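A quick write-up on the structure given underneath.
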Amino acid sequence: MKLSVGEIVLSLDESTLRYQVEAAGIEWKWSDHFCPAILTEKGEIPFTHWKEIRHTEFSCGVGKGIHSTYRNYLGKADSYSFDTIVWVEEVNKTVHFEWIPICEKDLSIQQVRWPGYMEFEEGSKENYTLLNQGQGLLIPNNWTVALEKLSFNGQFLTSGGYMPWFGQVKHGAGYIAIASTPWNGGVYAEHPAGGPYTHVGTWWEPSLGKMDYRRCLEYTFLNNCDYNDLCKVYRNYVKEHGLFTSLEEKAARVPSVNDLIGCSFVHCGIKTNVNPKSDFYDPENPEKNNFITTFAAREKEVENLYQLGVRKMYLHLDGWAEPGYDNHHPDYLPACIEAGGWEGMKSLVDTMHRLGFMFGIHDQYRDYYLDAPTFDPAYATMLPDGTYPQHARWAGGPQTYLCGTQAPYYVRRNFTEILSHGIKLDGTYLDVFTCNEGDECANPLHRMTRKECYEFRKNCFDWLLSKGILSSSEEVSDWSMQSLVFCHYAPYHFMLQAPGTPKDGIPVPLFNLVYHDCVIEPWMMDKISDTEDLMLYALLNGGAPYLIRDGAYANTDGSFSEGAALEMKENIRRCEVVASLHEKVAKCEMVKHELLDDTGMKQRTTFSDGTTVTVDFAANHYEVC
């Protein structure tokens, strides 16, 4: 079948069920290696196994395309069936791929892999793939390093997919594929060492055991483009769909947003208490499992930083409550008694404000510890089979997950208590909300889809903002941009790997090309080697600097001991350079990013006020104009 809508020609091979799109004379076709399929516990079932497959021309008031029906899988009319509709929107030439469940009997689906990955076989640096793992990744087809499995299996709206899209460019022509129903989907990608190809496709998973709703991927095809153009297509998309809220708008809601711009960030803690049942417990070195730094000691440290010349600072405080970092959540109160209790914590906060600094705390409303005083499995996240996920990864030991429906209640309860003790919070970090996937809960008393989970998480941010408390979380995610003011970091993926690990591709700021003027991102400042100074990435991205980043867990989340140990005065000087630029461009759009050589060692960004930042990682050099 073949049909045309303006310059778009849409074709379906009825024998293989593969599509081809011709846009302005450029052909984009699914690879001959791809077979559309449904994955089940018993194996892969190709779409071609359905006994009754029909294709008809589809048309409506806004476009036309091809409607396919798949019926009679098991030789009976009421067995598993579904439809696909692939159609071209006439007004903007967007090509919509829609997978629609009709009858969900007889099969227990794990994934649907459709639409297919494009033929992208030419081993050339001019051909590249864009993935939203972390801040962004560009993979030339001839890249020498094999692509590892994506974080969170490439799931949209996690650290493996900050934004729910991917794209490819070949010889100046490209496409961007946007998941308009991203909550239960993601990308898979394959790039062997040296290429010469990169394949990237989409997977969809069930919601609470069923496919349940229509799954949609939207393709926009461009000529004479690069990755900047694809990012701007998506920037326009999120503005059209109400996902875009600038820092300027957020500052109108909570004016202290302006005070956070240009701050240097300090991350440290009070109490560490590792449960003997935790995976982190070290029985051979018990001194590493439990220790305390008092509020008074932290107070002296911030006063010392002021004496050394620091004037704008935000303190992110871990482990401030009983019984220590990553313990007993969501029952994380009172302030650590051994460290000085509420009185000691208030003294620290008051000193921070007297010095003109800002103060915020770490908190957590997903991890649900089994020894929390109010723990009740009735409010944990129940899987469709009636079980509960459990692990003992973090310091608090055995845990499951709190159903997201309950998180806003605990936020309100806990922060009302904190504020009652005169603790004036400038900001709060709600851990993992923007890094990990949303949860789903099958408990009929508080049933929750993944989409609803993101809405409950957003409710927590909005409650904090209503109290004048700036909202933060671990990383950044598309769903949170209306309500998230800042984050712990939004790094390139390589920054979370051990120094020296070969890069999966060229780090490029895809997220910031869309959302730079919406969120404040602190950046690691470690000088790893003569050719890997993370300060240059902070400048390139117009971000805020970390003055001190004392991670809670060694060799986790980018907290590595390798690199040069710089004097505090030198750290302060470096932070002043980055913070000065951040004050200038924080509310500016990143309008362009350029790779100035084939290796990505020389890069440049341009902001909407005309500021340019050029870096040379090999020469450890930067220039801000």
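Here, each number is a calculation from the coordinates, and none is a lab measurement. No experiment lies behind these values; they were computed from the predicted model shown. Cβ sites come from the backbone with ideal geometry, for glycine too, and all protein chains shown count toward neighbours.
Brief remarks on what is shown
- Calculated FRET value between Ser11 and Lys239, using beta carbons and R₀ = 25 Å, to 0.05: 0.20
- In the chain, helices alone account for a calculated mean residue ellipticity at 222 nm of -5500 deg cm²/dmol, with every DSSP H run of four or more residues adding -39,500 (n - 2.57).
- FRET efficiency, 1/(1 + (r/R0)^6) with R0 25 Å, evaluated for Ser31 and Ser4 via beta carbons: 0.60
- Summing Cβ point charges (Lys, Arg +1; Asp, Glu -1) relative to the Cα centre of the chain gives a dipole of roughly 1020 debye.
- Distance in nm between pseudo-label sites at Ser180 and Glu583 (7 Å out along the Cβ direction from Cα): 4.5
- Projecting the Cα atoms of Ala179, Trp30, Leu308 onto the charge dipole of the chain, computed from C-beta unit charges around the Cα centre, puts Ala179 farthest toward the positive end.
- Fraction of antiparallel bridges per DSSP, region 252-587 only, in percent to nearest 5: 30
- Gain on full stretching of the segment that runs from Glu57 to Leu74 - 0.36 nm per residue minus C-alpha separation: 3.5 nm
- Segment Thr612..Ala378, full-extension length gain: 78.8 nm, with 0.36 nm per residue of separation and the alpha-carbon distance subtracted.
- Linear extension gain, Tyr281 paired with Leu333, 0.36 nm per residue minus alpha-carbon span: 16.5 nm
- Estimated FRET transfer efficiency (Asp597, Met568; beta-carbon r; R0 30 Å; 0.05): 0.30
- Each of Arg354 and Lys105 was given a label point 7 Å from its Cα along the Cα-to-Cβ line. The distance between the two points is 7.5 nm.
- Averaging the Cα positions of each part gives two centres, and for region 365-440 and region 463-542 these lie 24 Å apart.
- With each label modelled as a point 7 angstrom along the Cα→C-beta vector, the Glu248-Thr40 pair spans 5.5 nm.
- Estimated dipole of region 2-240 in Debye, rounded to 20 [Cβ of Lys and Arg +1, of Asp and Glu -1, Cα centre]: 360
- Euclidean distance between Cα centres, region 306-359 to region 208-275, Å: 28
- For region 2-240: relative contact order, % (alpha-carbon pairs under 8 angstrom, 6 or more apart): 17
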